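Q: Just passing along the structure, written as structure tokens.
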Amino acid sequence: MRLSLRQKAIAICDEKIAKKGETVGLSFYAFFANKNDDPELLMEAAEWWIKTHELDHFVKAVKILSLIKSGL
């Protein structure tokens, strides 16, 4: 996952955890606006989420944060 997407995902996970607590779940769509303005980046996130880590649709933000920060 490219650095800009990692940084954005970390910021969104941090924000969601701060607002809703450590049990909040999200999907990779949380990292994007409600429109498909960057399909290449969306597919990169989807591949990281689905193919690389075989994650369910909704996953705890703390787990996503941990995976991203560990470099996986």
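Q: Around residue 25, which amide H atoms from residues at least 5 apart in sequence, or from another chain, sit under 5 Å from its own amide H, with H modelled in the peptide plane?
A: 61
Q: Further question: With Cβ to Cβ distances under 14 Å as the rule, what net charge do the other residues near residue 43 carry (K, R +1; D, E -1)?
A: Local net charge: -3.
Q: Charges only on Cβ, +1 for Lys and Arg, -1 for Asp and Glu: so what's the dipole of the chain about the Cα centre, in debye to the nearest 20?
A: 260
Q: Which of the chymotrypsin sites (Phe, Trp or Tyr not before Pro) found in the chain are loop residues per DSSP with 15 or fewer other Cβ atoms within 10 Å of their Cβ?
A: Those satisfying the criteria are 58.
Q: Among 19, 60, 35, whose mean-square fluctuation peaks in a Gaussian network model of the chain (Cα, cutoff 10 Å)?
A: With Cα springs under 10 Å in the chain, the top fluctuation among 19, 60, 35 is at 35.
Q: For region 3-69, with the dipole built from +1 on Lys and Arg beta-carbon atoms and -1 on Asp and Glu ones, taken about the Cα centre, which of 28, 62, 7 lies farthest toward the positive end?
A: Value computed over the given set: 62.
Q: Looking at the chain, which GluC sites (Glu not before Pro) are in a loop (DSSP not H, G, I, E or B) and have at most 14 other Cβ atoms within 10 Å?
A: Within the chain, the qualifying GluC sites (Glu not before Pro) (loop, at most 14 other Cβ atoms within 10 Å) are 22, 54.
Q: Calculate for the chain the 222 nm mean residue ellipticity that helices alone would give, adding -39,500 (n - 2.57) per DSSP H run of length 4 or more and normalising by residue count, nearest 500 deg cm²/dmol.
A: Value at 222 nm, helices only: -15000 deg cm²/dmol.
Each value in this text was obtained by applying a stated rule to the coordinates, not by laboratory testing. Just so you know, these numbers come straight off a predicted model, no measurement behind them. Glycine also receives a Cβ, built like all others from the backbone with ideal geometry; neighbour counts cover every protein chain displayed.
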